[in-house]
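Data first, discussion second: the structure below is written as structure tokens.
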Amino acid sequence: MQRIIDLRSDTVTHPTPAMREAMYRAEVGDDVMGEDPTVNRLQEMAAERMGKEAALFVASGTMGNLICILAQCGRGDEVIMGDKAHTFLFEAGGPSVLGGVHVRTVRNRDDGTVDPAEVEAAVRPDNVHFPRSRLVVLENTHNRCGGAVLTRAQMDPVVAVARKHNLNAHLDGARIFNAAVALGVDARTLAEPFDTVSFCLSKGLSAPVGSLVCGSREFVREATRLRKVLGGGMRQAGIIAAAGIVALEQMVDRLADDHANARRLAVGLAEMGVFDIRPERVQSNILIFGLATDRFTPQQLVARCAQDGLKFQAIEGGQFRMVTHYGIEREDIDAALGIVRRAVGQLGRA
Ligand code: TLP
């Protein structure tokens, strides 16, 4: 059988054998009653890792971000975020659909940052005509900015603007552990300036399901109510939380391998001379790059590679996205490069 190399996302990762074992053995209880010992343990670990008072296990990154926004913004309030933020582009407009929250975007720079001056200019004056600014959202690593890693020096001035205007700050830390590993710091250090942080177990950390939202005890009380509103109160959730515990204990340090593989992939793609890609800008496990030829379209290349067992995405703006993750080894990177090279040769001749 043909081996499939799936670089569409790190969400395609399967649970590790240790996770399946832990799931089988998990002690469970009714988590809506707060009685699932495994969920409680995962939540304590998450709060500790993020340096926050408390944490709540939720179904997905999207639910986590939505809960964080709804907990900090009421109807007619405004949340400021980058125009390439996942919360803006890919979460189905949840804050406005379900919370009547108005979203205001500022430009995301290529490195995933936003300009603190632009954020400050976006804060609304107290005036009857305007929504009330309440919250600023940053994302780290930044998905649509090619897995860009944001340092404290890049995030702090934005949070300082929020503080100056009495706004809260939320971090979409879906891949915060990738950022932490890339920078060689604790995730806690990156989470520290924010009131709330969400992070995912089901991306690079390879757990099958789940994310956590972290913040003050008071925030988590409200988040628990909102999770119930959204239908996300689960019962014997310890079965899936058990995999999350393994993810935090065993799967963080190895993210460095994914980053090295992403860099290797980028270097190999750059050598082909048909892509608009800068390997030195690859900081974590996501590559976003363009096509520097008009001899074929991104969709043609993706389709041709898929026939040879390599999956990746053609995304908006004529770009490609490839994501490295657990289960993708160095040899797979070399095999993937071989498939792309062959496809480029064939399509270029056609
Ligand atoms: N990202 C997914 C999707 O866009 C489908 C991916 O493949 O990268 N924040 C960030 C930064 C994310 O990248 C994602 C998912 C989410 C939040 C949402 O997480 P889920 O998919 O668990 O709702």
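Return the Cα extents of region 185-331 along principal axes one, two and three, sorted largest first, each rounded to a whole Å.
Principal axes ranked by extent give 56, 33, 28 Å for the Cα atoms.
Is the C-alpha gyration tensor of region 276-331 telling us rounded, prolate or oblate? Criteria: a/c under 1.5 is rounded; beyond that, a/b larger than b/c is prolate, otherwise oblate.
The shape class here is oblate.
What value does the chain have for Rg/Rh, both radii from Cα atoms and Rh as Kirkwood defines it?
0.99
Applying the Karplus parametrisation 6.51 cos²θ - 1.76 cosθ + 1.60 with θ = phi - 60° to the phi angles of region 300-316, what ³J(HN,Hα) value in whole Hz is obtained for each residue in order, glycine and proline being reported as x?
Listing the rounded values in order: 5, 5, 4, 5, 5, 5, 4, 4, 9, x, 10, 9, 7, 10, 8, 10, 4 Hz.
Positive end of the charge dipole of the chain (Lys, Arg +1 and Asp, Glu -1 on Cβ, about the Cα centre): tell me which of Leu138, Asn166, Gly99 has its Cα farthest that way.
Gly99
Between Ala148, Phe90, Phe219, whose Cα lies farthest towards the positive end of the dipole of region 17-250 when Lys and Arg beta carbons carry +1 and Asp and Glu beta carbons carry -1, centred on the Cα centre?
The residue sitting farthest along the positive end of the dipole is Phe90.
List the residues, sorted by chain then number, that are 5 or more residues from Ala169 or on another chain and whose placed amide H is less than 5 Å from its amide H.
Result for Ala169 returns Val136, Asp195, Thr196.
Which residue, chosen from Ala71, Ala54, Gly29, occupies the Cα position most advanced towards the positive end of the dipole of region 18-75, where the dipole is computed from +1 (Lys, Arg) and -1 (Asp, Glu) charges on Cβ about the Cα centre?
Farthest towards the positive end: Ala71.
Taking 0.36 nm per residue of separation and subtracting the Cα-Cα distance, what length does fully extending Val97 through Ala303 add?
70.7 nm
Can you list residues whose amide H is under 5 Å from Asp276's amide H, if they're 5+ apart or on another chain and H is modeled 1.01 Å from N?
Under 5 Å from the amide H of Asp276 lie the amide H atoms of Gly290, Leu291, Ala292, each far enough along the sequence or on another chain.
I'd like the projected area of region 65-175, averaged over all directions, using the convex hull of its alpha carbons. Report it in nm² with one decimal.
Average projection, Cα convex hull of region 65-175: 6.2 nm².
Can you compute the helix-only [θ] at 222 nm over the chain? Use -39500 (n - 2.57) per DSSP H run of at least 4 residues, normalise by all residues, nearest 500 deg cm²/dmol.
Using -39500 (n - 2.57) per qualifying helix, the result is -13000 deg cm²/dmol.
Out of residues 5 or more away from Glu139 or on other chains, whose amide H comes under 5 Å of its own, with H placed 1.01 Å from N in the peptide plane?
Asp172
With springs only between Cα atoms under 10 Å, which of Phe177, Phe57, Phe88 fluctuates most in a Gaussian network model of the chain?
Phe88
Need one word for region 301-350: rounded, prolate or oblate. Basis is the Cα gyration tensor (sqrt eigenvalues a ≥ b ≥ c); a/c below 1.5 gives rounded, then a/b vs b/c decides.
Oblate.
Can you compute 3J(HN,Hα) from phi for each residue in region 237-254, using the Karplus curve 6.51 cos²θ - 1.76 cosθ + 1.60 with θ = phi - 60°, rounded to whole Hz and x for Gly and Pro?
Each residue of region 237-254 in turn: 6, x, 4, 8, 4, 4, 5, x, 5, 4, 4, 5, 7, 10, 10, 7, 4, 5 Hz.
Please enumerate, by chain and number, the lysines with C-alpha under 24 Å from the C-alpha of Lys84, excluding those fewer than 8 residues away in the same chain.
Within reach: Lys203, Lys311.
Taking 0.36 nm per residue of separation and subtracting the Cα-Cα distance, what length does fully extending Arg132 through His14 add?
38.2 nm
Using θ = phi - 60° and the Karplus curve 6.51 cos²θ - 1.76 cosθ + 1.60, what whole-Hz ³J(HN,Hα) does each residue of region 32-48 get, with Gly and Pro shown as x?
5, 8, x, 10, 8, x, 6, 4, 4, 5, 4, 5, 5, 4, 5, 4, 5
How many angstrom separate the Cα center of region 186-238 from the Cα center of region 268-334?
Each part reduced to its Cα centre gives a spacing of 32 Å.
Quick check for me: using +1 on Lys/Arg Cβ and -1 on Asp/Glu Cβ, what's the dipole size of region 17-250 about its Cα centre, in debye to the nearest 20?
Around 300 debye, computed over region 17-250.
Throughout, read-outs are computed from the coordinates displayed, never taken from laboratory work. Since the structure is predicted, the reported quantities are computational estimates derived from the model, not experimental observations. Positions of Cβ are generated from backbone atoms using ideal geometry, with glycine treated the same way; all protein chains shown enter the neighbour counts.
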